[in-house]
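See structure below.
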Amino acid sequence: DDRTKPLDAYADLLWFPTGGGKTEAYLGVAAFTMAIRRLQKDLGGLDSSRGLSVIMRYTLRLLTIQQFQRATTLICAMEVLRRQEEATWGETPFTIGLWVGQNVTPNNTEQSHESIQAERAGQRPTQSSPAQLPSCPWCGTEINAGRDIEVRRFKSSEGRTIIYCGDKR
C-alpha cells in the first residue's frame, strides 16, 4: 500500500560496496547457465553446446578488463572440468569473447590479425589490439601478444582469435 500512493511513494536502493561479492555472484549464475545448457544437450532441436549463453555489460570502462579477466578465470576452470568429463560436458570447449569498442578491441578477424602481425614485427599496432590479458588467468604467466596470440581464419570473413597461456610446459 505504501508504494501505490503517489505522494507517499518510496524508493528502495540496494547497494553493495566494493568487495561485497557482486562479481562472484554473477559469475556463479553465469557458470550455472552455461552448465545447465550443456546438461540439457538439446534445446528445441538446437545443439546447446554452442552459441552465446551470457552477455556481460559494464558501464565503467575502467572495470571492464578487470571483470573480463575474472570471467576468463571462470571459463578456464569450466574448461578444466569439461576436459575431465567430456561425456558429461561435451566436446565443445567453453570460450569467452570481449568487445568493448573499436578503440580497445578489434572489430573483426582481419583487424585482429593485422594487430598481431604488427606485434610480431615489433611494431605498435596501428589499431586496437586483441591483447587484453596481460597474464594467464589460470596460472599468472605473462602473455606475450606476439607469441601467445593466434588468429585463425575459417572463411574470408570469419575467424577466431585464440590467446594461449605463456607457460609452454
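The values are calculated or read from the model by the stated rules, or taken from the named source; none is laboratory data. Here the structure is a predicted model, which means the values were calculated and not measured. Here Cβ is always computed from backbone atoms with ideal geometry, including for glycine, and neighbour counts include all displayed protein chains. Just so you know, the surface numbers come from the protein's heavy atoms only, side chains and all, with ligands and any DNA or RNA stripped out. Shrake-Rupley method; radii C 1.70, N 1.55, O 1.52, S 1.80 Å.
Any idea what angle helix 109-120 forms with the longest principal axis of the chain, computed on alpha-carbon atoms, 0 to 90 degrees, nearest 10?
Its long axis makes an angle of about 60 degrees.
Contact order normalised by length for the chain, with contacts defined as Cα pairs under 8 Å and 6 or more residues apart; what percent is it? Don't skip to the answer; put the middle values down first.
Numbers: 171 pairs, mean separation 23.6, N = 169.
Averaging sequence separation for qualifying contacts and normalising by length gives 14 percent for the chain.
Per the Debye formula with a single identical scatterer at each Cα and no solvent contribution, what log10 I(q)/I(0) holds for the stretch 128-169 at q = 0.16 Å⁻¹?
-0.43
Per the 1.4 Å probe, what fraction of the accessible area of the stretch 51-169, in percent, lies on carbon and sulfur atoms? Walk me through the numbers on the way to the answer.
Numbers: 3890 of 7980 Å².
Reported share for carbon and sulfur atoms: 49 percent.
Scan the stretch 34-123 for trypsin sites (Lys or Arg not before Pro) in coil per DSSP, keeping those whose Cβ has at most 12 other Cβ atoms within 10 Å, and list them by number. Numbers along the way, then the final one.
Numbers: sites: ARG37, ARG38, LYS41, ARG50, ARG57, ARG61, ARG70, ARG82, ARG83, ARG120; in loops: LYS41, ARG50, ARG57.
Taking the stretch 34-123 and a limit of 12 other Cβ atoms within 10 Å, the loop trypsin sites (Lys or Arg not before Pro) found are LYS41, ARG50, ARG57.
What are the ³J(HN,Hα) values, in whole Hz, obtained from phi via the Karplus relation 6.51 cos²θ - 1.76 cosθ + 1.60 with θ = phi - 60°, for each residue of the stretch 71-84 in sequence order, with x given for Gly and Pro?
5, 5, 4, 4, 4, 4, 5, 5, 5, 4, 5, 4, 5, 6
Using the heavy atoms of the protein chains and a 1.4 angstrom probe, tell me the accessible area per residue for the stretch 33-169 in square angstrom. Working shown, then result.
Numbers: 9180 Å² over 137 residues.
I get 67 Å² per residue for this part.
Select from VAL54, PRO17, PRO93 the residue farthest towards the positive end of the dipole of the chain; place +1 on Cβ of Lys and Arg, -1 on Cβ of Asp and Glu, and compute about the Cα centre.
Value: PRO93.
Per residue of the chain, what 222 nm ellipticity follows from adding -39500 (n - 2.57) for every DSSP H run with n ≥ 4, rounded to the nearest 500?
Details: 5 runs with 63 residues, N = 169.
Result for the chain, helices only: -11500 deg cm²/dmol.
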